[in-house]
Structures are given as C-alpha cells and as structure tokens.
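Since every read-out is calculated from the coordinates, none of them should be taken as a lab result. In this text, all values refer to a predicted model and were calculated from it rather than measured experimentally. So basically every Cβ, Gly included, is an ideal-geometry build from the backbone, and we count neighbours across all protein chains shown.
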Amino acid sequence: MADTIKTLTDKRIVVTGASSGIGYAMAKALASAGASVLLTARSEEKLNSAVEQLQPEGGQVFGQIMDVRKEDSIQQAVAWVEKQWGSLDVLVNNAGIGMRTVNPSFLTDPQPFYKVPAEGFRDVIDTNLTGYFLVAKAFVPLLLRSEKGKIVNISMNHETMKRKGFIPYGPSRAGAESLSYIMAEDLKEVGVDVNMLLPGGATETGMIPESYRQSFKEKGLLLPPEVMNEPIMFLASEESNGITGQRIVAKDFAEWKQAFCP
C-alpha cells in the first residue's frame, strides 16, 4: 500500500457518478491513496454529502455537479479542472443508470424489448453510452497535457448484454465496450491509455432494488463495491503505464495481474 500511496499523491483524477455505489467506492480508494479527486454527479445533495464524507480520507476531494448527457454541464466540469489543476491524469467514466429506471421489476418480471418505452431507452443510452463519449471527448485535451493520461471506462458482465429483458441496459454497456476498444486504438499514438473495468458480478448498489438487495447479499450473490478498489488504484498508477485496450474483471484482478504483469 505504501508504494501505491506514494504513486498516487500527485495524481489528479475525475470520477463521474461518484456520489454513491462503485463510483463512491473508487473515489474513496483513490483519495485514501493520496490522489486529488474531483467527484461529479447530477444530484447536488448527494454530491455534497459524498465530498464531506471523503474529505477526511486523505488527498484532496472536490465536487462538481455534472450531467453526462449535457455538453454544457460537462464543459463546466472541464473548466473547473482547467482552472484548478491545468491538466488531468485520470478520467474514470462511471456515471450510469440501470434497468430499474425502465422496469422496476426487471429481476422478477423482465419486459421484452418491444415493451420498453422509447424515452426510457434513449435515457439509458444517453447516460451509459453517449455520456461516456461526451465526457471522454471533452476531457481528452486535458489528459494530453499530463505526463501520462489514462481513461478507465466502467463496464458490466457480458451476460448483461444478452440477458432476457435487459434492453436497454445490455446494449448500452455493449456499446460502451466497443467505444472503449476504439478509443484505445485512437489514443495509442498520443500516449493515452484506455481500459475497461467491471466488478465481475452484481454489486451491492442502487442498481439492485432495495427489496432484493438484502436477500441477495445473504445468499452471497452481491459483490461489495470495494471490489473495485485495488484495480482502480492500479490503473491510476504509474505501474499501469502502457497498458491499454484491456477488459479487467475486478473480482479476478489478482489472477489477471499475475498473468498480464508477471
């Protein structure tokens, strides 16, 4: 841990969707490792609460309201980073919404795609896919100013991309993975690494309806959000320099690292 802390003390990192869930867990881990972290989220109340809780963790923690679906909102966050930091080392694209926004009963009563409201489909795609594109596009110029820029796009299991009743969440994550691979190729020549990170299963977050969360947890069906901690710190550190275009499963991170970085 000491090496990690030493490595992250000079890192400036933006985490989107950081007021709760795995976004909050990753922001906490990065701040605890000494990084300066900007949390972004849509809800001002939740964002302020998250920043207040994380400020004692170490590093420097800030908050900025940002809606990843709106370019003017993203530009306000970019302007904050440019004014306060001048450049950016790591962007963590995490902001997303799940199936419960279009079907609260998706776990017990999955809907076929033709029953999904068009507006609900657009909202999930705009957040989970177009949002990743808009945020990365806006922050790349600041990443190019750092010694080694990095983008980490949060994804989910391939099973969610083909499971019955998982429109539009499945396509949004499948699209984000394709986007990530192409971003990695496009940014190779300018030295910005792009990787994907996913928990490796359902996590104990707001994506799972409260009525199911406790029973799932008792059955061992939910991963803790903290499963993301070690891999996100690795991907934010100098140790991961030059690693790009990878899809890393957090719960299998130790095995992946041993095989990929012997």
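Data overview
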{"read-out": "Hull volume in cubic angstrom per residue (convex hull over the Cα atoms of region 1-108)", "value": "107"}
{"read-out": "DSSP bridge orientation in region 2-260 - percent antiparallel, rounded to nearest 5", "value": "0"}
{"read-out": "GNM top mover of ASP126, ASP186, ASP89 - the chain, alpha-carbon springs below 10 Å", "value": "ASP186"}
{"read-out": "Nonlocal amide H pairs with GLY63, under 5 Å, H built at 1.01 Å", "value": "LEU39"}
{"read-out": "Karplus-derived 3J(HN,Hα), 6.51/-1.76/1.60, for each residue of region 92-108, Hz, glycine and proline x", "value": "10, 7, 10, 3, x, 10, x, 5, 5, 6, 10, 8, x, 9, 4, 6, 10"}
{"read-out": "Label zone at GLU82, where the point sits 7 Å out along the Cα-to-Cβ direction: region 5-26 residues whose backbone N lies under 20 Å", "value": "12-16"}
{"read-out": "Selection from PRO141, ASN103, ALA254, by position along the positive dipole direction of the chain (Cβ)", "value": "ASN103"}
{"read-out": "Region 35-60-region 139-185 distance, computed between alpha-carbon centres (Å)", "value": "23"}
{"read-out": "Simple spin-label estimate for LEU144 and GLU52 in nanometres, 7 Å along Cα-Cβ", "value": "4.0"}
{"read-out": "Space enclosed by the convex hull of the alpha-carbon atoms of the chain, per residue, Å³", "value": "126"}
{"read-out": "Convex hull volume per residue in cubic angstrom - Cα atoms of region 43-187", "value": "136"}
{"read-out": "Simple Cβ-charge dipole of region 2-260, Lys/Arg +1 and Asp/Glu -1, about Cα centre, in debye nearest 20", "value": "480"}
{"read-out": "ALA33 long-range amide H proximity, modeled H, under 5 Å", "value": "none"}
{"read-out": "Charge tally in the Cβ shell below 10 Å around ALA29, where Lys, Arg are +1 and Asp, Glu are -1, ALA29 excluded", "value": "-2"}
{"read-out": "Fewest-first sequence of MET233, MET161 by Cβ atoms within 10 Å of each Cβ", "value": "MET161, MET233"}
